[in-house]
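Here, each number is a calculation from the coordinates, and none is a lab measurement. Worth saying up front: this structure is predicted, and the values here are computed from it rather than measured. Cβ sites come from the backbone with ideal geometry, for glycine too, and all protein chains shown count toward neighbours.
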Amino acid sequence: MRTWVVIASTDRAESVRRTLRTRGLLRKDLRATRSGKEVAFPVRSAPQPSLEETRIEEREVAGQSRPARTYRELLHLPPNQQALLPRAFDVLGELVLVRLPPELRPHATEIGAALLAFVPGARRVGWDSGVHGEARLRGLTPLAGSGPWRTLHRENGLEFLVDPEVAYFSPRLAREHARVSAQVGRGETVWDLCCGIGPFTLTIARRGVASRLLAVDANPAAIALLRENAMRLGVAARIEVRNESLDKFLPAAGSVDRVILNLPHEGIKYLPSVSAAVASGGTVHYYEVTPRTDHSMRGTALVGQLASPTEWTCVEARRVHPYSPQADVMAFTFHRR
């Protein structure tokens, strides 16, 4: 790799190394090399002002001192900004999506390049500004790489198309998709409400035990991807699909054994009508963003929002993944006696 190096005499090498590291210029991904009485330190850019008794050259530097353990090691930011780098990011097929604080905006391109280099098979990196609007679309800003946002994603032994620019999908729910699917009993009727591209539906359909499996979403792009994936996976005949809002669907929906309601910010307003449609012995899987201070009592409080609350029990409340420093996405399972 061709890069700038700062060259110092061996007696000054340690002092120069500390100064370069403090300024955030020292490249940790490349090895310093010694030749005779001189040491060459790979740097991100030329020091300004230059260091006394050193010179700078552009050289070909071979190999890394060791493989980077995190993408953070590939970045050379001032210490106060290095501390702001997020530790987590989402991988969707060939895409890497990361949420960055505003303070890191000037370094967004560098961060994107580091993630592109660090994640195996990555093709494009985007700044994810969160899910917005009724269709729950991510705000995406390209940072590095190229090609479309549409990609092939793999989870739980399934392979399906996702496009985070036009339809909701979260790779952080992979375990939930498998967990809920495993609970579906033979002959059950199941509704997947606000289904997005349908990972719950597709995972359940693969098992082939539900007598009726209905997926509902108001976003036509999400429904189109669900239909395409169902055809690719050979399960289209097991799935009914509705492209309509819950306000339109629920009043005439009939009765059901099991409901999945994954609408973390607005789902609570539909809980009464959703639970009213669930037959005796039925189940609701409900997801919401819950403040950490409310974890212990939230399940009991939500039972009070259900139709005929005395007939319901919260049988499980589980943390799915962090949402913010103060809140988590939680999964609640309610059973109707």
Subject >> Which listed residue is among the hydrophobic types (A, V, I, L, M, F, W, C), touching a residue at least 12 places away in the same chain (Cβ under 8 Å) and over 26 Å from residue 44 (Cβ atoms), from 125, 131, 61 >> reply: 131
**OP:** Please work out which residue is nearest to residue 232 (Cα to Cα), limiting yourself to the stretch 125-154 and to residues that are buried (at least 18 other Cβ atoms within 10 Å of the Cβ) and of a type outside the set (A, V, I, L, M, F, W, C).
**Re:** 153
**OP:** Quick one: which residue in 73, 57 is among the charged types (D, E, K, R) and more than 30 Å from residue 162 (Cβ to Cβ)?
**Re:** 57
**OP:** Identify the single condition in (1) in contact with a Gly (Cβ under 6 Å, 6 or more places away or on another chain); (2) within 30 Å of residue 327 (Cβ to Cβ) that residue 257 does not satisfy, given that it satisfies every other one.
**Re:** (2)
Original post:
Consider residue 52 against the criteria (1) in contact with a Lys or Arg (Cβ under 8 Å, 6 or more places away or on another chain); (2) more than 23 Å from residue 81 (Cα to Cα): it satisfies all of them except one. Which criterion is unmet?
Top reply: (1)
**OP:** For residues that are closer than 26 Å to residue 130 by Cβ and without any contact (Cβ under 8 Å) to a residue 60 or more places away in the chain, tally how many sit in the stretch 300-321.
**Re:** 6
